[in-house]
Amino acid sequence: MTGFIGCGNMASAIIRGMISSGFSKGEDIAVFDIDKEKTAALAGEYGIRVSESEKKIVSECDTVVLAVKPNVFPTLLPEIGEELKIADPLIISIAAGKTLEFISELLPYTPRAVRIMPNINAKVCQAISAFCGNERVTDKEKEFVSGFCDSFGKGTEIKEELFSIYSAIGGCSPAFVYMFIDSMARAAVKNGMTKKQALEISAQAVLGSAKMILESGTHPWQLIDEVCSPGGTTIEGVASLQSDGFESAVIKAVEASYNKDKKI
């Protein structure tokens, strides 16, 4: 049984992915949230169980997903610490910026703890999610966590010290890509196309390009060269982007996000 403490937008997206992908059945998921309407709606849609308290989740579930806001951790974890110590479930935290050490320090024992960071694309089951576990997490449990992440996108194990740079390229980057798609669409609108059609074309072009990189195993610059015919339209656009500092602007954006994450 997998139990969720907290049922906000990200947790709801993860639950939908778990069930729609076949990773879990609704009856094998339990949730607790102070928002009773939200849990009731999810229960009605997916057949999940609604628990009466955080402690009930701990006692019923062998995996506990901490899906509350990071500022709730200092209150929540000491409150359920003894129950967690007795039950010793696998703990999965999706709280941004909260390390495994931070979680352990709030508990009266060393838990079997995993930290994951999905991105907003979990809402359409296309998230990239980094995860790492402490020394008590077994290889079998890591396999479970990998499958858990794959149910709403793709999971990848990284070292915890890389979470800040992951946050920049995995967590923040959807906003950068949204900006790129919208900018292309606005250029099309300027030249007579409707915004709706321009967004659909631009978004599909980005989706297909990402799929090409992932599935072909080809270096991005090789693909760029394949698209750029001598004296053609594409090389003209590529040269313009380079002249205007496109690549350096992207690098600066990633570094700005990375540096901010390190300060939080």
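Note on the chain: helix-only mean residue ellipticity at 222 nm, from DSSP H runs of 4+ residues weighted -39500 (n - 2.57) and normalised by residue number, equals -17000 deg cm²/dmol. Considering only C-alpha atoms, what is the centroid distance from the stretch 23-92 to the stretch 170-212, in Å? Measuring centre to centre over Cα atoms gives 37 Å. Just to be sure I understand the curve: with the Debye formula and one point per C-alpha of the chain, what is log10 I(q)/I(0) at q = 0.07, 0.10, 0.14, 0.16 Å⁻¹? The calculated log intensity ratios at q = 0.07, 0.10, 0.14, 0.16 Å⁻¹ are -0.31, -0.60, -1.01, -1.21. Helix 36-46 and the long axis of the chain differ in direction by around 70°, with both axes built from C-alpha atoms.
Angle of helix 173-190 to the longest C-alpha principal axis of the chain, folded into 0 to 90 degrees and rounded to 10: 40°. As a proxy for reagent exposure, Phe32, Phe246 were ordered by neighbouring Cβ count within 10 angstrom, fewest first; the result is Phe246, Phe32. Taking the chain as a Gaussian network of alpha-carbon nodes connected by springs under 10 Å, the highest mean-square fluctuation of the residues Glu83, Glu236, Glu141 belongs to Glu236. Pairs over the 28 Å Cα-Cα cut-off, from the set Lys38/Lys262; Lys211/Lys262; Lys211/Lys252; Lys56/Lys260; Lys123/Lys211: Lys38/Lys262; Lys211/Lys262; Lys56/Lys260. If you sort the three axes of the alpha carbon gyration tensor as a ≥ b ≥ c, you get a/c of 1.5 or more for the stretch 122-162 and a/b no higher than b/c, which makes it oblate. Across the stretch 171-263, the relative contact order, built from alpha-carbon pairs under 8 Å that are at least six residues apart, equals 18 percent.
We did not get these values from a lab; they are worked out from the coordinates using the rules stated. Since the structure is predicted, the reported quantities are computational estimates derived from the model, not experimental observations. Every residue, glycine among them, receives a Cβ derived from its backbone with ideal geometry; neighbour counts consider all protein chains shown.
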